[in-house]
1. Among the listed residues 144, 127, identify the single one that is more than 14 Å from residue 46 (Cα to Cα), outside the structural domain of residue 52 (by TED's automatic domain parsing), modelled with pLDDT of 90 or more and surrounded by 10 or more Cβ atoms within 10 Å (Cβ to Cβ).
2. Assess whether residue 132 counts as being closer than 30 Å to residue 33 by Cβ and of a type outside the set (A, V, I, L, M, F, W, C).
3. Tell me, which strands (runs of 3 or more DSSP E) lie completely within segment 1-114 with 1 or more residues that are at pLDDT below 80, within 30 Å of residue 127 (Cβ to Cβ) and in contact with an Asp or Glu (Cβ under 6 Å, 6 or more places away or on another chain)?
Amino acid sequence: MAVTVRDDNGVALSRSIMPSGSILNAWHLITCTWDAETGEAVIYLDGLSTGRVKSGLASKFPPWQYPLLIGARQERGNVDWFYHGAMDDHRLYNYPLDGYEVAQLYTSLTGTTICVEYPAGDLNHDCVVDGTDVEILHSAWLHCGLVPATACEYNLADIAPLLTAWLDELGAGDGI
């Protein structure tokens, strides 16, 4: 599956996507956003970004300057690469959806949960900052790989502000 957008200079911004496992005989939500102000396109598969492409310049398309093709490719006037399968629920918005809005579309249809971005302090990447993350931090606490070993001498007065900032960012209250 590929999504291609051309900017106002005719430059193609293209990104191919392929889900892990088989895309055949399974339902997937494929979403493409285009931000004309930034010239950036983002392609999502099942609510999560697969990557971004950017033209390097903002684009203002005159209405219907380029045709919209869904399920095929147009290359120099020839239409090919036809999609074989079923599609439904096509939506067009007059603004680019952000990653959370795309994730909400997916989860509202599937009843599942997904992690759009890991919060600060989520050391095990489960999308939740909890005691497990504190345990990971604790297990590596004061480990040092610097050479010479004297570079690893810690001064609590130097570390306390860093810990306080980290705990404040996590919303853990009054620091240490």
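1. 127
2. no
3. Because the criterion is at least 1 residues that are at pLDDT below 80, within 30 Å of residue 127 (Cβ to Cβ) and in contact with an Asp or Glu (Cβ under 6 Å, 6 or more places away or on another chain), the strands (runs of 3 or more DSSP E) in segment 1-114 that meet it are 48-54.
The values are calculated or read from the model by the stated rules, or taken from the named source; none is laboratory data. Computed from a prediction, not measured in an experiment: that's the story for all the values here. Note: ideal-geometry Cβ built from the backbone for every residue, glycine included; neighbour counts use all protein chains shown.
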